[in-house]
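Read through the structure below, which is laid out as structure tokens, and then see the notes.
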């Protein structure tokens, strides 16, 4: 078997630590579905024959899709690793992390304080983040739950053009919460 494995063979531990793909002798199954360098499907052949075909072309046999009969392609391992890394970084760039910003309110909040909180909520929504309104009841305020619901309903109506309600106002112990998400 050693006579047709490329000299730049990589040890299994080296590739498996990175979570990459298996190359040449690291492929342990007896048969593979072989894809040639030009993209043609060669069919199912033994792993030894596939490694020999790759070595004859001066390339590597790379496991692209694992399974009972893995799909392997004849490629240059370094080039494939570079393309895979490039695809991962592109996907990472396009990914947007949505944060949940929290705004704390009270049932007897003043109008000016309320407006300051609404400006912050609008800014968060324009940045593409979700906003969670927490309205906390302290002491005797628990007997005025309807005032708290009115404050959250007011916030909901004030933000209708910027946000959609993801979670309606809900009482949980001494807290009432409302979650809104940006419309996009």
field: Selection count where residues are more than 34 Å from the chain's Cα centre (by Cα) and either exposed (fewer than 15 other Cβ atoms within 10 Å of the Cβ) or touching a residue at least 24 places away in the same chain (Cβ under 8 Å) (or both), scope the stretch 25-42
entry: 1
- prompt: Quick one: how many residues across the stretch 118-155 are more than 15 Å from residue 177 (Cα to Cα) and either without any contact (Cβ under 8 Å) to a residue 12 or more places away in the chain or not assigned by TED's automatic domain parsing to the domain that holds residue 174 (or both)?
  reply: 6
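So that you can scan it fast, the table gives a plain yes or no per residue for (1) within 30 Å of residue 132 (Cα to Cα); (2) surrounded by 12 or more Cβ atoms within 10 Å (Cβ to Cβ); (3) in the same structural domain as residue 145 (by TED's automatic domain parsing); (4) at pLDDT 90 or above:
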site: 63; (1), (2), (3), (4): no, yes, no, no
site: 66; (1), (2), (3), (4): no, yes, no, no
site: 70; (1), (2), (3), (4): no, yes, no, no
site: 75; (1), (2), (3), (4): no, yes, no, no
site: 78; (1), (2), (3), (4): no, no, no, no
site: 88; (1), (2), (3), (4): no, no, no, no
site: 104; (1), (2), (3), (4): yes, yes, yes, yes
site: 109; (1), (2), (3), (4): yes, yes, yes, yes
site: 112; (1), (2), (3), (4): yes, no, yes, yes
field: Criterion violated by residue 100 - all others in (1) surrounded by 13 or more Cβ atoms within 10 Å (Cβ to Cβ); (2) at negative phi; (3) under 25 Å from the mean Cα position of the chain (by Cα) satisfied
entry: (1)
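The values are calculated or read from the model by the stated rules, or taken from the named source; none is laboratory data. If you're wondering where the values come from, they're calculated on a predicted model, not measured in any experiment. For neighbour counting, all protein chains shown are included, and Cβ atoms are generated from backbone atoms with ideal geometry for every residue, glycine included.
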